[in-house]
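The values are calculated or read from the model by the stated rules, or taken from the named source; none is laboratory data. Please read all numbers here as calculations on a predicted model, not as lab measurements. Backbone-built Cβ (ideal geometry, glycine too); neighbour counts: all protein chains shown. These accessible areas exclude ligands, DNA and RNA; they are computed on the full protein's heavy atoms, side chains included. Shrake-Rupley method; radii C 1.70, N 1.55, O 1.52, S 1.80 Å.
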Amino acid sequence: VQLQASGGGLVQAGDSLRISCALSRRTTSNYVVGWFRQAPGKEREFIASITWRLGRTYYSDSLKGRFAISRDNAKNTVFLQLNSLKPEDTAVYYCAADPNMTGGPNAGNYNYWGQGTLVTVSS
């Protein structure tokens with residue numbers, strides 16, 4: 001499966017933004033799809049994940065409440081809603097898929113990665 005993230009851009013602090021991750025083909029397989037981000041000079045950080053079939057979600061404790069993950073199975077797309085954005089949220093946001101259904105915050109569990117979409121938050 002291939003993933004393509006989109007929807008990033010330049011926003012102001014306090015704004016909201018929804019970014020998308022399109023999966024390349026309709027699949028009957030089950031995946032965990034996760035969102036990560038990487039700011040310049042920092043390690044990749046887990047944000048949230050969702051199971052494809054049942055929509056079960058799992059969040060980073062530090063970001064839960066401002067960010068929300070969801071999916072649209074008909075559109076083969078996973079979304080990440082970013083609210084109350086702060087300049088420190090500036091990063092490249094990546095989506096990834098784990099067909100082994102392990103998921104969670106460990107990036108090594110995810111076999112497939114999209115190219116990332118840049119979100120820049122100005123103060």
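Quick check on my filter: what residues within segment 47-59 are open to solvent by less than 30 Å² (accessible area, probe 1.4 Å) and closer than 20 Å to Asn30 by Cβ?
Answer for segment 47-59, where residues must be open to solvent by less than 30 Å² (accessible area, probe 1.4 Å) and closer than 20 Å to Asn30 by Cβ: Ala48, Ser49, Ile50, Thr51, Trp52, Gly55.
Could you figure out which of (1) open to solvent by less than 80 Å² (accessible area, probe 1.4 Å); (2) among the hydroxyl-bearing types (Ser, Thr, Tyr); (3) within 18 Å of Val1 (Cβ to Cβ) isn't true of Tyr112?
Going through the list (1) open to solvent by less than 80 Å² (accessible area, probe 1.4 Å); (2) among the hydroxyl-bearing types (Ser, Thr, Tyr); (3) within 18 Å of Val1 (Cβ to Cβ), Tyr112 breaks only (1).
Could you please tell me which pairs satisfy a Cβ distance under 6 Å, a separation of 6+ or placement on different chains, a first residue in segment 69-93 that is surrounded by 18 or more Cβ atoms within 10 Å (Cβ to Cβ), and a second residue that is of a type in the set (Phe, Trp, Tyr)?
If the second residue must be of a type in the set (Phe, Trp, Tyr), the pairs left are Leu80/Trp35; Leu82/Phe67.
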